[in-house]
Every structure is written in structure tokens, then in C-alpha cells.
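The values are calculated or read from the model by the stated rules, or taken from the named source; none is laboratory data. Keep in mind that what you see is a predicted model, and the values were worked out from it rather than measured. Virtual Cβ from ideal backbone geometry, glycine too; neighbours counted across all protein chains shown. Note: areas computed on protein heavy atoms with side chains; ligands, DNA, RNA excluded. Shrake-Rupley method; radii C 1.70, N 1.55, O 1.52, S 1.80 Å.
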Amino acid sequence: KMAAAAGGAGVAAAALWSEVNRCGQNGDFTRALKSVNKILQINKDDVTALQCKVVCLIQNGNFKEALGVINTHTKVLTSDVIAFEKAYCEYRLNRIENALKTIQSASQQTDKLKELYGQVLYRLERYDDCLAAYRDLIRNSQDEYEEERKTNLSAVVAAQSTWEKVMPEDLGLREATYELCYNSACALIGQGKLNEAMKKLQKAEAFFLFALIFLQDVTEEDIEAELAIIHGQMAYILQLQGRTEDALQLYNQIIKLKPTDVGLLAVIANNIITINKDQNVFDSKKKVKLTNAEGVEHKLSKKQLQAIEFNKALLAMYTNQADQCRKLSASLQSQSPEHLLPVLIQAAQLCREKQHTKAIGLLQDFADQHPASAAEIKLTMAQLKIAQGSVTKACMILRSIEELQHKPGMVSALVTMYSHEEDIDSAIEVFTQAIQWYQQFQPKSPVHLSLIREAANFKLKHGRKKEAISDLEELWKQNPKDVHTLAQLISAYSLVDPEKAKVLSKHLPSLDTMSLKVDVDALENSHGATYVRKKAGKLTGDNQQKDQGQGDVKKKKKKKKGKLPKNYDPKVTPDPERWLPMRERSYYRGRKKGKKKDQVGKGTQGSTTAGSSELDASRTASSPPTSPRPGSAAAVSATSNVIPPRHQKPAGAPATKKKQQQKKKKGAKGGW
């Protein structure tokens with residue numbers, strides 16, 4: 001009986017294995033999995049059945065369950081048996097570090113493991129190792145997957161060019177597919193060759209549209225998804241070229257298509273936010289939600305994710321979310337302590353809160369802790385000092401940046417600021433230090449001679465003639481044939497030592513050597529000269545005599561006498577202060593006080609004055625409003641329910657107008 005049972009189980013297992021084989025060939029892994037489970041009920045430790053189960057689960061996308069089966073049967077499914085499947089499940093579950101350990105722990109490195117190893121290294125952004133792995137694969141493999149390996153190799157080169165700013169080497173890859181063209185375009189963008197990159201992308205699009213002729217079962221969604229990636233990169237090039245309107249239009253077209261690639265949507269949303277900057281923040285707040293989609297962190301590189309976080313912090317600052325901005329920038333600083341942007345964002349937020357001193361202190365602390373980044377931080381500190389009006393302190397900060405002291409831009413900025421503060425000695429000292437640096441390290445540099453000349457001009461402008469002469473003599477020694485420098489030197493000496501100027505003037509070239517060979521006839525016959533000559537030639541003969549005659553007539557005309565005032569009396573001496581304003585004349589005693597104020601409250605009991613109506617509050621409150629004059633301050637919209645503010649009568653208005661208004665009020669009606 002036992003033998004019969006065993007024989008029956010064997011027959012059933014064989015039938016099940018046949019079913020598994022048939023379903024596997026047909027790609028029906030769900031039915032194959034059911035048959036494998038029945039086999040495992042017969043023998044739960046069947047290694048082949050367990051391997052088949054893991055493969056079926058992977059084919060159905062159940063990576064977590066497949067990894068669970070592997071970890072549950074570790075005694076049977078050893079690393080030698082199922083290393084690739086385990087590493088692949090970990091890779092698909094975004095457990096990249098674990099996948100790398102699994103691959104490295106395998107006793108035998110198969111071609112499948114090497115392929116996966118290259119993918120893992122790419123995800124870990126270890127591009128040099130990845131490049132070496134793919135080169136080895138291409139060299140030692142000959143199968144139908146060679147084109148895919150070349151595509152992956154070009155992707156590694158593009159990543160190096162984009163994220164590590166490495167000049168890519170020519171791998172000799174023939175751009176026969178749209179993927180290779182696209183990756184080549186990405187590498188060109190990393191090098192800053194934007195026009196060439198745009199042509200490559202256009203070529204990639206053409207390749208893709210041509211390939212659709214030979215592809216079957218391609219949905220419209222698949223076509224739009226592939227084109228969206230190419231168009232997104234085109235829009236990025238337009239943005240880098242400063243064509244932000246065109247880039248924005250293309251970005252929005254891609255978003256309207258609603259592609260399923262969350263990484264692509266996140267990058268496009270981030271780029272739109274960078275275009276908006278501090279404008280259109282409502283649109284930016286909507287777009288930032290796309291960067292928070294699930295799975296984005298697994299689709300983008302570390303630098304892309306970091307850039308998105310930086311832009312989130314800046315958006316929080318622009319939308320006056322101070323706490324959120326501080327929280328995000330602090331998180332970024334903890335992740336990248338040596339990065340400049342987090343501390344700059346924090347300083348910018350403090351400046352928006354008018355805490356400039358605290359911002360400068362924060363920047364100073366960072367500069368002390370990270371000397372390598374001190375130069376950029378100190379430039380920001382100087383800018384804040386200038387914003388506060390402390391130009392001298394800003395100059396002190398700039399002069400503390402030793403590696404930039406000799407740069408022409410820094411010298412120019414310092415001299416300008418010192419000149420603004422009228423500190424000429426410090427400005428000259430800046431010139432001197434820069435000239436000494438070039439004299440020591442780059443004496444033949446054209447910048448050296450340019451700085452000497454600028455220093456001489458500056459000293460001449462501010463009356464330091466002797467110092468300027470010393471600089472000009474140094475320049476002339478460097479190039480004795482420089483006539484321009486010699487002329488400047490002679491001009492400077494003429495102000496200090498005329499005799500020395502005469503001696504130096506002998507070194508000037510003669511007039512014969514300096515004269516230019518000019519064809520006078522050709523010059524006179526030129527269009528401009530002919531026009532002038534014709535204009536001048538009209539004044540000949542009778543016209544010239546006529547003009548002379550008119551000139552004689554003009555000379556005979558008498559000068560008109562000035563008009564005298566009507567009350568002019570020649571016997572009375574004119575007031576010598578008549579040209580001065582009345583307030584500035586010596587006999588001005590001020591305006592006489594009005595009589596209204598003196599009369600208020602005076603007179604017999606019950607009498608009224610001209611200003612009594614102004615003091616009668618009840619009459620003012622009960623009087624119906626008059627229609628306001630066009631353009632008057634009291635006019636308000638008829639549809640407004642807000643009570644308009646009362647406007648006081650101007651102090652200098654005449655009393656007669658007040659009386660006229662009172663008369664009008666007597667006959668006025670209650671409405672407007």
C-alpha cells in the first residue's frame with residue numbers, strides 16, 4: 001500500500017511538473033504557481049519547486065513575497081542556488097545596499113549577476129565602478145542584449161557629465177537608437193553644449209517616431225510617455241538658454257498629458273518652480289505637490305532630490321512660512337553640513353525678518369567652521385553690510401578674503417566703495433597690494449600692467465601726482481615704445497616738473513612718423529564731405545552779398561527799451577530789495593492775524609458771527625449732505641456701504657464760500 005501511494009504521488013508530481021512547464025512556456029505564471037504549490041504540498045523541501053515558486057512570484061511582480069520565500073527556506077535555498085533572484089528582489093524593493101551585499105557574497109559571478117551589479121552601482125551613483133562593469137560585460141559578452149548594454153553604458157557617461165562634471169570620453173558608440181541619442185544629448189547638456197544637445201534630442205525624437213513603424217502593440221500612452229521624456233529635456237535646454245516662456249509652455253503641455261512617471265513629473269514641477277521664483281507662488285504651491293509623490297526618491301539622483309528640497313525651503317520663504325523655511329533649511333544643513341545653500345537660506349529668512357545682525361553672525365559662524373567655503377560666505381556678509389549702510393565694514397570683510405584680493409573685480413569693487421567713502425588712502429593701498437601680488441607671481445600678466453595704469457589714473461584724478469608719476473615711469477620702463485604711457489607721463493610731469501616734461505617730450509616720435517597717409521581728394525569726395533561742401537557752397541555771389549546786407553541791417557537795429565511799471569516815479573529811489581521774495585526782505589514783519597479768531601466769543605449775548613455755523617455741531621450733523629463737486633476728496637462710490645471719512649475744511653478757505661454753501665443747504669433735498 002505504501003509503495004502504491006508513493007507511486008501515485010510520483011505520477012501526480014510528474015503531471016504537475018508537466019503543467020508547470022507548459023504554463024511557463026505560455027507565460028501563464030499564475031497557473032504555474034498553483035501547480036508548484038501542489039508539488040510543494042507533496043514535498044515541501046523540493047529545491048527546484050521552491051526556485052520555480054520564487055521565479056513565478058517575481059514574474060507576477062510579488063517581490064516581497066518572493067523574498068519571504070527565500071528567507072524562510074535559507075537551509076535549502078542557499079546563496080549559491082538563488083543569489084540572483086534574491087538580489088533582484090532586493091533591487092526591485094529599493095533595498096540597494098542589501099542587493100550589493102548579496103551579489104558580492106555570491107561564490108560564482110554569473111553574467112546575470114554582473115548585469116545586475118552594473119544596475120546596482122548605477123543606482124548607488126558609483127559611476128566609475130559602473131562604467132568599468134559595463135565595459136567588461138560588453139567586452140566579454142556576445143548576445144542579443146548588446147544594444148541594451150551600450151545604452152546603459154551611455155547612460156553612465158551622461159550621469160558622470162551631468163552630476164560629476166566629468167568630461168566624457170568618446171566610447172565610439174554608434175547612435176543607432178533613440179535611447180543612445182537621448183543619452184548623448186544629456187552628456188552634452190552636462191558640458192554646456194546646449195545647441196548640440198537640442199539637435200541630438202530632435203534626432204532622438206525622429207528615431208523614436210520612425211521606430212513606431214516596426215513596433216507592434218504600442219499604446220498611445222506608451223508613445224506619449226516616451227515623447228514626454230524627450231520634450232521635458234528640450235524644455236530644460238530652453239530654460240537654460242533663457243527662453244523661459246517657451247520652456248514653461250512645454251512643461252505645462254507635458255503635465256497636461258498626466259504621464260505616469262513620477263520622477264519626470266517631479267523634475268518638471270521643480271523646474272517650473274525655479275522659473276516662477278518669488279512670483280506666481282500660488283502656482284508653485286500647486287506644483288510642489290508633484291514633488292512629494294510616492295516613489296520619487298527612488299527615481300531621482302541625490303542631487304536632484306537635494307535641489308527639490310532647497311526649492312521647497314525657498315518657496316516657504318517666499319510665501320512667508322518662516323517656521324517651515326527654518327525647519328527645511330535646518331534639515332538640509334544636518335544632511336549636508338558643508339553645503340552653502342542651507343545657511344544662505346537661513347540668513348535670507350533672517351534678513352526678511354529685519355534681523356541683519358543675527359544673519360551676519362550666522363554666516364560668520366559657518367565661515368569659521370568651514371574655511372573652504374569662507375570666500376562665498378564673506379561675499380554675502382559684505383552684501384548685507386552694504387545693505388545696512390556699513391560700507392567701511394563691508395570693505396574690511398572683502399579684504400579678509402585673501403584668495404580674491406588680487407582679482408580685478410575685487411580691486412574695482414573695493415576702490416569704488418572706498419572712493420564713495422572718500423577714503424583715498426585705503427583705495428590706493430588696495431591697488432598697491434594687488435600690484436605687488438602680480439609683480440611677485442605673474443609679472444608678465446596683462447592684468448598687472450592694466451592695474452598699474454588704473455592706479456596711476458586714479459592717483460592723478462585725486463591729486464597724488466608724484467605717486468602717479470612713479471607708476472607711469474614703471475609702465476614706460478616695461479614698454480618704452482608705448483606712446484600713450486609716455487604722453488601721460490609728460491602730462492603728469494608738466495604739473496610738477498615742467499623741465500622734466502620738456503626732456504621727456506624729446507622721446508616722442510616726430511610729426512612725420514606720426515602723420516597718417518590720408519587721401520585728401522578721396523576724403524573730400526566722400527558722401528559726408530560732399531554734403532557739407534554743397535551746404536557751404538550755397539553762400540556765394542549774390543547770396544553772400546545778401547547775407548552781408550542783412551547783417552548790416554541787423555547791426556543798425558536799436559535795442560528796445562525795457563517796460564517800466566505804471567506807478568514808476570523817477571524821483572523815488574527803487575527798493576534795492578525788490579528782487580528778493582517778500583519773506584526775505586529786511587522790513588518784512590509777517591502776516592497780520594485774521595480778525596475771525598479775535599471775534600469768536602466776543603459781542604453781546606445771543607449775537608452771531610460769521611463762524612458760528614462752524615461751531616454749531618448739531619446743525620452740521622442734521623444738515624442733509626450736499627452733492628460733492630467732481631474731483632473733490634469727499635466723493636465716494638454710490639454703491640459703497642462704508643461710511644466715508646469726514647474731511648475738514650482747509651484752513652485758508654475764504655468765509656464767503658462757506659456762506660454760499662449754507663445758502664445752498666437751505667434749499668437742498670435729502671438725497672443725492
Qualifying residue in the stretch 197-218 (condition: among the charged types (D, E, K, R), closer than 26 Å to residue 124 by Cβ and open to solvent by 30 Å² or more (accessible area, probe 1.4 Å)): no
Near pairs, Cβ below 7 angstrom, 6+ apart or cross-chain, from the stretch 157-182 (touching a residue at least 12 places away in the same chain (Cβ under 8 Å)) to any residue that is among the basic types (Lys, Arg) and surrounded by 15 or more Cβ atoms within 10 Å (Cβ to Cβ): 173/150; 180/150; 181/200; 181/203
Selection count, the stretch 466-495, where residues are surrounded by 15 or more Cβ atoms within 10 Å (Cβ to Cβ) and among the basic types (Lys, Arg): 0
Set 138, 70: member being assigned by the TED database to the domain that holds residue 52 and either aliphatic (A, V, I, L, M) or under 27 Å from residue 297 (Cα atoms) (or both): 70
Residue 425 being open to solvent by 20 Å² or more (accessible area, probe 1.4 Å), part of a helix (DSSP H, G or I) and in contact with a helix residue (DSSP H, G or I) (Cβ under 7 Å, 6 or more places away or on another chain): no
Residues (open to solvent by less than 70 Å² (accessible area, probe 1.4 Å) and within 17 Å of residue 81 (Cβ to Cβ)) located in the stretch 100-112: 102, 103, 106, 110
Selected residue [at pLDDT below 90, over 16 Å from the mean Cα position of the chain (by Cα) and polar (S, T, N, Q)] from 260, 291: 260
So residue 150, is it open to solvent by 40 Å² or more (accessible area, probe 1.4 Å) and farther than 30 Å from residue 211 by Cα: no
The stretch 438-455, subset of a type in the set (A, V, I, L, M, F, W, C) and open to solvent by less than 70 Å² (accessible area, probe 1.4 Å), residue modelled with the lowest pLDDT: 449
Single match in 364, 355, 346 (criterion: exposed (fewer than 15 other Cβ atoms within 10 Å of the Cβ), of a type outside the set (A, V, I, L, M) and free of Cβ contacts under 8 Å to residues at least 24 places away in the same chain): 355
Matching entry among 328, 341, 265 (being among the aliphatic types (A, V, I, L, M), open to solvent by 50 Å² or more (accessible area, probe 1.4 Å) and either under 30 Å from residue 385 (Cβ atoms) or touching a Leu at 6+ places or on another chain (Cβ under 8 Å) (or both)): 341
Flag for residue 355 being under 20 Å from the mean Cα position of the chain (by Cα) and more than 28 Å from residue 122 (Cβ to Cβ): no
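Results for (1) in contact (Cβ under 8 Å) with a residue 24 or more places away in the chain; (2) surrounded by 22 or more Cβ atoms within 10 Å (Cβ to Cβ); (3) more than 51 Å from the chain's Cα centre (by Cα), shown as yes or no for each residue.
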{"position": "31", "(1), (2), (3)": "no, no, yes"}
{"position": "36", "(1), (2), (3)": "no, yes, yes"}
{"position": "46", "(1), (2), (3)": "no, no, yes"}
{"position": "49", "(1), (2), (3)": "no, yes, yes"}
{"position": "52", "(1), (2), (3)": "yes, yes, yes"}
{"position": "55", "(1), (2), (3)": "yes, no, no"}
{"position": "62", "(1), (2), (3)": "no, no, no"}
{"position": "66", "(1), (2), (3)": "no, yes, no"}
Residue 145 being open to solvent by less than 80 Å² (accessible area, probe 1.4 Å) and aromatic (Phe, Trp, Tyr): no
Set 95, 139, 123: member being touching a helix residue (DSSP H, G or I) at 6+ places or on another chain (Cβ under 8 Å) and over 27 Å from residue 241 (Cβ atoms): 123
Failed item, numbered, when residue 172 is tested on (1) under 40 Å from the mean Cα position of the chain (by Cα); (2) in a helix (DSSP H, G or I): (2)
Residue in the stretch 432-450 that is of a type outside the set (A, V, I, L, M, F, W, C), out of contact with any helix residue (DSSP H, G or I) (no Cβ under 6 Å at 6 or more places or on another chain) and on the phi > 0 side of the Ramachandran plot present: no
Residue check for residue 296: in contact with a Phe, Trp or Tyr (Cβ under 8 Å, 6 or more places away or on another chain) and either free of Cβ contacts under 8 Å to residues at least 24 places away in the same chain or open to solvent by less than 30 Å² (accessible area, probe 1.4 Å) (or both): no
Flag if residue 382 is open to solvent by less than 50 Å² (accessible area, probe 1.4 Å), touching a residue at least 12 places away in the same chain (Cβ under 8 Å) and touching a Ser or Thr at 6+ places or on another chain (Cβ under 9 Å): no
For residue 471: the one exception among (1) outside any helix (DSSP H, G or I); (2) within 24 Å of residue 416 (Cβ to Cβ): (1)
Within the stretch 406-422, tally of residues that are open to solvent by less than 50 Å² (accessible area, probe 1.4 Å) and of a type outside the set (Gly, Ala, Ser): 7
Residues within the stretch 143-169 that are in a helix (DSSP H, G or I), over 33 Å from the mean Cα position of the chain (by Cα) and closer than 15 Å to residue 114 by Cβ, tallied: 3
